[in-house]
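So the structure is just underneath, and the comments pick up after that.
The values are calculated or read from the model by the stated rules, or taken from the named source; none is laboratory data. Every value quoted in this text rests on a predicted model; they were computed, and no experiment measured them. Cβ: placed from backbone, ideal geometry, glycine included. Neighbour counts: every protein chain shown. To get the accessible areas, we keep the full protein, side chains included, count just its heavy atoms, and leave off ligands, DNA and RNA. Shrake-Rupley method; radii C 1.70, N 1.55, O 1.52, S 1.80 Å.
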Amino acid sequence: MNQTNKNEHAKKICVDIAELRSMLSCGRQTAEEVGRKSGSAFKVGRRRFYNVRKVEAYIDRLTEEYES
């Protein structure tokens, strides 16, 4: 039996908006806002991608601010 990998996004360097939504468990507008505010968005041709490390760093900063 094949085992599913629940943390498949951790291996990726960048993701598209659908994968970012999945990672964040949120809607498209929220995912786009996080991508914009984290400075992780970039385009290749007509496609937009998001740098996973920058998104993670942004989320870490938000949680640190929240805990303070």
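Only Lys, Arg, Asp and Glu count, each charged at its Cβ (+1, +1, -1, -1), so figure out the dipole size of the chain about its Cα centre, rounded to 20 debye. Don't jump to the answer; show the numbers that get you there.
Details: 14 positive and 10 negative charges, 103 e Å.
I would put it at about 500 debye.
Which of the DSSP-defined H helices in the chain satisfy a minimum axial length of 18 Å, computed from C-alpha atoms, and a minimum mean Kyte-Doolittle hydropathy of -1.0? List each step's numbers first, then the result.
Details: long enough: 52-67 (22 Å, -0.95).
Helix filter hits for the chain: 52-67.
Ignoring ligands, DNA and RNA, what percent of the accessible area of the chain is carbon or sulfur (1.4 Å)?
Working: 2590 of 5550 Å².
Ligands and nucleic acids excluded, carbon and sulfur give 47 percent.
In the neighborhood of ILE59, defined by Cβ-to-Cβ distances under 13 Å, what is the net charge if each Lys or Arg adds +1 and each Asp or Glu adds -1? Let's see the in-between values first.
Numbers: positive: LYS37, ARG53, LYS54, ARG61; negative: GLU33, GLU56, ASP60, GLU64, GLU65, GLU67.
Summing Lys/Arg as +1 and Asp/Glu as -1 gives -2.
Quick check on the chain: take the gyration tensor over C-alpha atoms, sort the square-rooted eigenvalues as a ≥ b ≥ c, and tell me if it's rounded (a/c under 1.5), prolate or oblate.
Values: a/c = 1.87, a/b = 1.14, b/c = 1.65.
It comes out oblate by the Cα gyration axes.
Using 7 Å Cα-to-Cβ label points, what is the ILE59/SER22 separation (nm, one decimal)?
That separation, rounded to one decimal, is 1.4 nm.
Using a Gaussian network for the chain with springs between C-alpha atoms less than 10 Å apart, which of these wobbles most: GLU19, GLU33, GLU56?
Taking springs between Cα atoms under 10 Å, the residue moving most is GLU33.
For the chain, build the charge dipole from Cβ charges (+1 Lys, Arg; -1 Asp, Glu) around the Cα centre, then report which of THR30, PHE42, ILE59 sits farthest towards its positive end.
PHE42
With every protein chain left in place, what is the accessible area per residue of the chain in square angstrom, probe 1.4 Å?
On the way: 5550 Å² over 68 residues.
Per-residue accessible area for the chain comes out at 82 Å².
Net charge within 12 Å of ARG48 by Cβ-Cβ distance, Lys/Arg positive one each and Asp/Glu negative one each, not counting ARG48 itself?
+2
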